[in-house]
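Read the structure below first, then the notes.
The values are calculated or read from the model by the stated rules, or taken from the named source; none is laboratory data. Predicted, not measured: the structure shown is a model, and the values here were computed from it. In this analysis, Cβ positions are derived from the backbone assuming ideal geometry, glycine residues included, and neighbour counts consider all displayed protein chains. Quick note on the areas: whole protein, heavy atoms, side chains included, nothing else; ligands and nucleic acids left out. Shrake-Rupley method; radii C 1.70, N 1.55, O 1.52, S 1.80 Å.
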Amino acid sequence: LLRLTNNGRQLFRILFNADPVESEWERLNRMHEGQRFPNHTIGILIFTLHARVRGYETQILPPVENTKAVPDLEIRRDEEHLYVEVELSSKEHVSKWVNIAAINGGRVAICGLSTSRSERLVGDCKLKKLPGMATDIETLKSGSYEAMTEETPLWAETWK
């Protein structure tokens, strides 16, 4: 992660006569209470890193019109385009999954904290008959980062 200090931002303005681009960390803090929920913030950033290593383009907190869904990020690769929710809490979020599925063409895309937590989230979606895909931070971090390529699967589970 790279963040400019106030002095760094000022130097950038002097050197380039422009404002520096907002970092993803700053965007999460500004738009998603990132400092209040640091575990969620780092979960989003970890998933984003793993998606990028696997060849996905990403956008954190993408704008999505005409919906109640507020996805944590958007990923794209070839014909695949998904809005993803990183869910680290233990609360039930049935309406969140319904809203995410609505903007994903009927499918959910979830990243949980651990394998067991992800299994619970997938179970909740299956009970609502929502197809989709899921992974978790634990699974993503289990492989060798240096060995990851675009061929390394991002999703630990898909279901119909």
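Atom-type composition of the exposed protein surface of the chain places 51 percent of the accessible area on carbon and sulfur (1.4 angstrom probe). For the range 1-72, the set of trypsin sites (Lys or Arg not before Pro) satisfying both a DSSP loop assignment and a count of at most 10 other C-beta atoms within 10 Å is given as Arg36. By DSSP, the beta bridges lying fully in the range 49-127 are antiparallel in about 75 percent of cases.
Amide H contacts of Val108: Gly132, Met133, each under 5 Å away and 5 or more positions distant or on a separate chain (H built 1.01 Å from N in the peptide plane; Pro and chain starts excluded).
Applying the Karplus relation 6.51 cos²θ - 1.76 cosθ + 1.60 with θ = phi - 60° to the range 59-74 yields 3J(HN,Hα) values of 9, 7, 6, x, x, 10, 8, 6, 7, 8, 5, 10, x, 6, 7, 10 Hz, where x marks Gly and Pro. For the range 86-96, 3J(HN,Hα) computed residue by residue from phi via the Karplus equation (6.51, -1.76, 1.60; θ = phi - 60°) reads 9, 10, 10, 7, 9, 6, 7, 9, 4, 5, 5 Hz, glycine and proline entered as x.
When only the heavy atoms of the protein chains count and the probe is 1.4 Å, how do Lys96, Lys129 rank by accessible area, highest first? Before the final figure, lay out the partial values.
On the way: Lys96 60, Lys129 170 Å².
Largest to smallest exposure gives the sequence Lys129, Lys96.
Reachable lysines from Lys68, Cα under 25 Å, same-chain residues fewer than 8 places away excluded? Correct list for Lys68: Lys91, Lys96, Lys126, Lys128, Lys129, Lys160.
3J(HN,Hα) along the range 150-160, derived from phi through the Karplus expression 6.51 cos²θ - 1.76 cosθ + 1.60 where θ = phi - 60°, amounts to 5, 7, 5, x, 8, 9, 7, 8, 10, 8, 10 Hz, with x in place of Gly and Pro. With angles folded into 0 to 90 degrees, how steeply does helix 115-127 sit against the dominant principal axis of the chain? Use alpha carbons for both and round to 10. The angle comes out near 60 degrees. Averaging the sequence gap over all C-alpha pairs within less than 8 Å and six or more residues apart, then dividing by the number of residues, gives the chain a relative contact order of 17 percent. Note on His93/Phe12: beta-carbon distance plugged into 1/(1 + (r/R0)^6) with R0 of 41 Å gives a FRET efficiency of 0.60.
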